[in-house]
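Asker: Next up is a structure, given as structure tokens.
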Amino acid sequence: MSAGQYAPLQGVRITDIGWVLAVPHATSWLATFGADVIRVESTVRPDITRMGGLRNGADGINGINRSSMYNGVNFGKRCVTIDLTQSRGIELVKDMVRQSDIVTENFAAGVMERMGLGYEVLREIKPDIIMLSGSPLGQDGPDKDATGFGPNTQAYAGLPYITGYDGGMPTGLGRDYPDFMIGIHMAFSVLAALHHRNRTGEGQWIEIAMAETVTSTIPEAVLDYTMNGRETPRRGNRHPHFAPRGVYRSAGDDKWVAISVEGDEQWRALGDALGSPGWAADPRFATHEGRQAHHDEIDERITVWTRERSHYEAAEQLQAHAVPSAPVLDTFETLADPQLEALGTFVETVHPEVGKRRLAGLPGRFSAIPDVEYGVSPLLGEHTEEVLCGLLGLSAEELAELTEQGITV
């Protein structure tokens, strides 16, 4: 940490037994705030996000440390390799817990208990420990044994039911969308638990039922059905209060521009941006109700205009007339977007194996942390000796014996 750098979680240690995306995303936030996050991994069962590097490694070179997904959500951490299928490995984790403030995990419900690392056990080791557990449907109840990740977590939550296209099947919002949103909830929950512990001296067990977190993002649909018996219809890109609204094909291969019009004033502004075509003055389109009723026809007419322009040109012209719009960006366009660049969305790190890389940083900005220090993602087992010998006090001979027994590999 650079001189004068403010890190609010400096001195806080996290034993991170989470994997894949949700918990690693949460603990990356916490590491960025200064926490010492120690990821417990294993060569026996590597994180599946690391496995992506064995098929599609950075720069076309495959390797366990070359996964963009892993490296993008694990910056600023340390990594130890411990085989949790062996009792001695479990004892090492317990020794780490004794010197930690927080334990995080997102296995299926009951896995930590079966390994001998359940909350009641950890609380005996460290009475004020904070434990964060994430699972699709919670730690108890009739469906507690449900497993899964982003796609079926969305389905458990009911989200795809209202996000498909009109007349079509339920459709999820991207493969891994929930994990990142859930990770933010997890990070906030841990910060709240730390605040509580600072005030009371009490630790706690935070249970994140991931599907419940997703359901909290669609309160209107849940309440409308619960209170009024009405099901929210699938509308695709349309909206009950905005019309016209959608993504419109523009010039180029698979290029699109998003447009959303709210109210009569923005409708008139849209007409001005399009050059005041005669059809925009059609009395059928003069009201919101009329525009909703003739949405298909309006979409066709707008598309005639957008197809003659790039998605950038269309958005700029619309924005100049105060019409809410934006180009739909692919990955490379997103990385080069000047607005995101100006906001400091992307940070540059130098990874020990894949070198200089641009990663998505924290979306929030903090007045007390003007220069966030991100660090890099760890190599598999990079800090095993540093943690086990430095933090836990094992001798070099003891570490060598553990390695020979296959416990620290």
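Asker: Just name the residue that is nearest to Arg98 (Cα to Cα) out of those in region 26-45 that are within 22 Å of the chain's Cα centre (by Cα) and open to solvent by 30 Å² or more (accessible area, probe 1.4 Å).
Answerer: Looking at the filtered set, the residue picked out is Asp36.
Asker: With the condition kept exactly as written, say whether any residue in region 91-106 is of a type in the set (A, V, I, L, M) and open to solvent by 10 Å² or more (accessible area, probe 1.4 Å).
Answerer: No.
Asker: Can you find, within region 58-68, the residue that is surrounded by the fewest Cβ atoms within 10 Å (Cβ to Cβ) among those that are within 18 Å of Lys356 (Cβ to Cβ) and in contact (Cβ under 8 Å) with a residue 12 or more places away in the chain? Don't jump to the end; show me each part of the working.
Answerer: Here is the first cut: in region 58-68, the ones within 18 Å of Lys356 (Cβ to Cβ) are 58-61, 63, 65-68.
Pick out the ones that are also in contact (Cβ under 8 Å) with a residue 12 or more places away in the chain and you get 58-59, 63, 65-68.
Values: Ala58: 18, Asp59: 8, Gly63: 15, Asn65: 21, Arg66: 21, Ser67: 26, Ser68: 16.
The qualifying residue surrounded by the fewest Cβ atoms within 10 Å (Cβ to Cβ) is Asp59.
Asker: Could I ask something else about it? Restricting the search to region 166-197, which residues are assigned to a loop (DSSP other than H, G, I, E, B), touching a helix residue (DSSP H, G or I) at 6+ places or on another chain (Cβ under 8 Å) and among the aliphatic types (A, V, I, L, M)? I'd like the intermediate steps shown before the answer.
Answerer: Of all residues in region 166-197, those assigned to a loop (DSSP other than H, G, I, E, B) come to 166-176.
Cutting the leftovers down to touching a helix residue (DSSP H, G or I) at 6+ places or on another chain (Cβ under 8 Å) gives us 170-176.
Once the filter is applied, which keeps residues that are assigned to a loop (DSSP other than H, G, I, E, B), touching a helix residue (DSSP H, G or I) at 6+ places or on another chain (Cβ under 8 Å) and among the aliphatic types (A, V, I, L, M), region 166-197 yields only Leu173.
Asker: Let me ask you something else. Looking at (1) in a loop (DSSP other than H, G, I, E, B); (2) of a type in the set (Val, Ile, Thr); (3) without any contact (Cβ under 8 Å) to a residue 12 or more places away in the chain, which one does Thr226 not meet, given that it meets all the others?
Answerer: Only one criterion is unmet by Thr226, namely (1).
Asker: Tell me the residue from Thr200, Thr217 that is more than 19 Å from Met181 (Cβ to Cβ), open to solvent by 40 Å² or more (accessible area, probe 1.4 Å) and either without any contact (Cβ under 8 Å) to a residue 12 or more places away in the chain or hydroxyl-bearing (Ser, Thr, Tyr) (or both), please.
Answerer: Values: Thr217 fails: more than 19 Å from Met181 (Cβ to Cβ).
So the residue among Thr200, Thr217 that is more than 19 Å from Met181 (Cβ to Cβ), open to solvent by 40 Å² or more (accessible area, probe 1.4 Å) and either without any contact (Cβ under 8 Å) to a residue 12 or more places away in the chain or hydroxyl-bearing (Ser, Thr, Tyr) (or both) is Thr200.
Asker: If you don't mind, there's one more thing I want to ask. In this structure, does Pro151 turn out to be modelled with pLDDT under 95 and either surrounded by 15 or more Cβ atoms within 10 Å (Cβ to Cβ) or on the phi > 0 side of the Ramachandran plot (or both)?
Answerer: So Pro151 passes the test.
Asker: Quick one: which helices (runs of 4 or more DSSP H) sit completely within region 253-330 and have at least 3 residues that are buried (at least 18 other Cβ atoms within 10 Å of the Cβ) and in contact (Cβ under 8 Å) with a residue 24 or more places away in the chain? Give the derivation first.
Answerer: On the way: elements: 263-273, 288-293, 295-306, 311-320.
Those helices (runs of 4 or more DSSP H) span 263-273, 295-306, 311-320.
The values are calculated or read from the model by the stated rules, or taken from the named source; none is laboratory data. In this text the structure is predicted, and so the values were computed from the model without any measurement. Don't worry about glycine lacking a Cβ; one is built from the backbone with ideal geometry, like all the others, and counts go over all protein chains shown. For the accessible areas, the whole protein counts, side chains as well, though only heavy atoms, and no ligand, DNA or RNA atoms are used. Shrake-Rupley method; radii C 1.70, N 1.55, O 1.52, S 1.80 Å.
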